[in-house]
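The next block holds one structure in the form of structure tokens; read it before the comments.
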Amino acid sequence: MNRRRFLTTSSTAVTAAGSTFAAPAETLPTTQQAPLPDLGTHWTNVFEKLSARCQPKLSFLRDEFSDPKSWCERARKTLLADFHYSPPACEPGAEIRDRTDCGEYTREHVTINTTPDIRVSTYLLVPKGKDRKMPGIVALHDHGGFYFWGKEKLVRVEPENPELTSYKETYYAGRSIADELARQGYVVIVPDMLHWGERGLYFDADPPRIVKRTLEVTRADVEEFNRRSSAHEELISRTALTCGVTWSGIIVWDDLRVTDYLISRPEVDAGKVGCIGLSLGSVRSIYLGALHEAVRAAVPVCWMAEYQGMARNNVRHGIGFTKLVPGLYGDLDWPDVAALHWPGSLMTINGLKDRLYPLEAAQRAVEKLRRVFSKMGAPGKYEGVFFDGPHEFNREMQDRAFAWLKKELSA
């Protein structure tokens, strides 16, 4: 079973009731069934002991840390070093490849350099008729085992292939969330991540319909592209490591530089920038909010859990090559990384029936974040929300997230 099939099974096995839970995490009902064990005797003989000893040495909850500013400086340096990726600075060299009138907003297809050697394709949505600078949002697409499209998962581009429409219906309640945010008055940028969409894995033998991703692409085409892309993830990660870098570092660096471009735009109020994403988009949102000082508010959806709680049974379908950061979790667990949003604001959204991580690991992570922000003297800067649903960004989740972003970025 591949990751997308796993997610689809999870999504169809349970339905979201749309209710939110504001109770403390430890009081939430446990409704999730754990997957079957993966590691057999390797777990009991080796990894169970290693996991038990993997305690985050730099967690702000440790007694030796009391000043959030100095802690964030130290923890960010550690995080950046663990990515093993720090390419030379460069100008974005932005090129607007086309511009489309979408009624309430304009969509620009913009390519930019994130390093002297890497160019990233993005969509930039700019609301019309505004006589002032507008808040900006970096919208980050998911993994989903669905590689054929990247930024188009969040942006409506007509004519839309039925396979992409179906994907959005499953994971985004049929909504193109970047377009919705643009209609609400945000300048929104959506980049392709390496290995997705325009930056996907292509070969010389691929027919034009695949390379150009035309409407003639069939379901069989998409499924085969997704299969081969999934099969190449390990090779991509191993090749990155062979080159002395990490795939996760490439992803995060691209997102940081895309954000630099967003705040350079004359339409954007650089003091009012947020980010949002589902699943791997949630991971990217957490890293971006932790590392870019311009990000004031972040909403990562369906990826907040303690990593050691996932080590036993949830690595296979949960912690993929795009998420691996060598050595990080001995210094900072995932909620510790998310705490680096300080002094900005953070809302995490989780599904009670999300099977990619144990519910208990998510509950503990949310409670840890509450404790960290409280110790930082900023309890109002964090909100952890649980919805009664699977791994998805449904309409109720979206409405809650958008209302929170409006509150945080309107002042």
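Out of the residues in the stretch 277-296 meeting the condition of being in contact (Cβ under 8 Å) with a residue 60 or more places away in the chain and of a type in the set (A, V, I, L, M), tell me which one is nearest to ARG395 (Cα to Cα).
That would be LEU278.
Within the stretch 361-408, take every residue that is of a type in the set (A, V, I, L, M) and more than 19 Å from GLY277 (Cα to Cα) and give me the one that is surrounded by the fewest Cβ atoms within 10 Å (Cβ to Cβ).
Within the stretch 361-408, the match that is surrounded by the fewest Cβ atoms within 10 Å (Cβ to Cβ) is ALA378.
Every residue, every condition in (1) over 18 Å from the mean Cα position of the chain (by Cα); (2) hydrophobic (A, V, I, L, M, F, W, C); (3) over 18 Å from HIS84 (Cα atoms), yes or no:
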site	(1), (2), (3)
THR218	yes, no, yes
PHE225	yes, yes, yes
ARG238	yes, no, no
LEU256	no, yes, no
TYR307	no, no, yes
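Within the stretch 67-85, restricting attention to residues that are without any contact (Cβ under 8 Å) to a residue 40 or more places away in the chain and of a type in the set (Gly, Ala, Ser), which residue is farthest from THR111 (Cα to Cα)?
Across the stretch 67-85, the extreme among qualifying residues is SER70.
Within the stretch 339-384, track down each residue that is under 17 Å from the mean Cα position of the chain (by Cα) and more than 22 Å from GLU396 (Cβ to Cβ).
Once the filter is applied, which keeps residues that are under 17 Å from the mean Cα position of the chain (by Cα) and more than 22 Å from GLU396 (Cβ to Cβ), the stretch 339-384 yields ALA339, LEU340, HIS341.
In the stretch 210-225, what count of residues is obtained for those that are β-branched (Val, Ile, Thr) and either touching a strand residue (DSSP E or B) at 6+ places or on another chain (Cβ under 9 Å) or not in a helix (DSSP H, G or I) (or both)?
Matching residues across the stretch 210-225 total 3.
Quickly run through the stretch 212-233 and pick out the residues that are among the hydrophobic types (A, V, I, L, M, F, W, C) and either modelled with pLDDT of 95 or more or buried (at least 18 other Cβ atoms within 10 Å of the Cβ) (or both).
If the condition is that a residue be among the hydrophobic types (A, V, I, L, M, F, W, C) and either modelled with pLDDT of 95 or more or buried (at least 18 other Cβ atoms within 10 Å of the Cβ) (or both), then VAL217, ALA220, VAL222, PHE225, ALA231 are the ones that fit.
Let me spell it out: the conditions are (1) at pLDDT 95 or above; (2) under 14 Å from the mean Cα position of the chain (by Cα); (3) assigned to a loop (DSSP other than H, G, I, E, B); (4) not aromatic (Phe, Trp, Tyr), and PRO266 meets all of them except one. Which number is the exception?
(2)
Any residue at all in the stretch 249-266 that's in contact with a Gly (Cβ under 8 Å, 6 or more places away or on another chain) and surrounded by fewer than 22 Cβ atoms within 10 Å (Cβ to Cβ)?
yes
Restricting the stretch 177-198 to residues that are farther than 25 Å from ASN226 by Cβ and out of contact with any strand residue (DSSP E or B) (no Cβ under 6 Å at 6 or more places or on another chain), which is surrounded by the most Cβ atoms within 10 Å (Cβ to Cβ)?
Filtering the stretch 177-198 for residues that are farther than 25 Å from ASN226 by Cβ and out of contact with any strand residue (DSSP E or B) (no Cβ under 6 Å at 6 or more places or on another chain), the one surrounded by the most Cβ atoms within 10 Å (Cβ to Cβ) comes out as GLU180.
Looking at (1) in a helix (DSSP H, G or I); (2) farther than 30 Å from ASP399 by Cβ, which one does TYR171 not meet, given that it meets all the others?
(2)
For the stretch 381-409, what are the residues that are touching a strand residue (DSSP E or B) at 6+ places or on another chain (Cβ under 8 Å), among the small types (Gly, Ala, Ser) and part of a helix (DSSP H, G or I)?
Within the stretch 381-409, ALA401 is the sole residue that qualifies.
Residue check, ARG312 against (1) within 22 Å of ILE263 (Cβ to Cβ); (2) surrounded by fewer than 24 Cβ atoms within 10 Å (Cβ to Cβ); (3) of a type in the set (D, E, K, R), all met but one. Which one?
For ARG312, the exception is condition (1).
The values are calculated or read from the model by the stated rules, or taken from the named source; none is laboratory data. Predicted model, so just to flag it, every value in this text is computed and none were measured. Every residue, glycine as well, gets a Cβ built from its backbone with ideal geometry; the counts of neighbours run over all protein chains shown.
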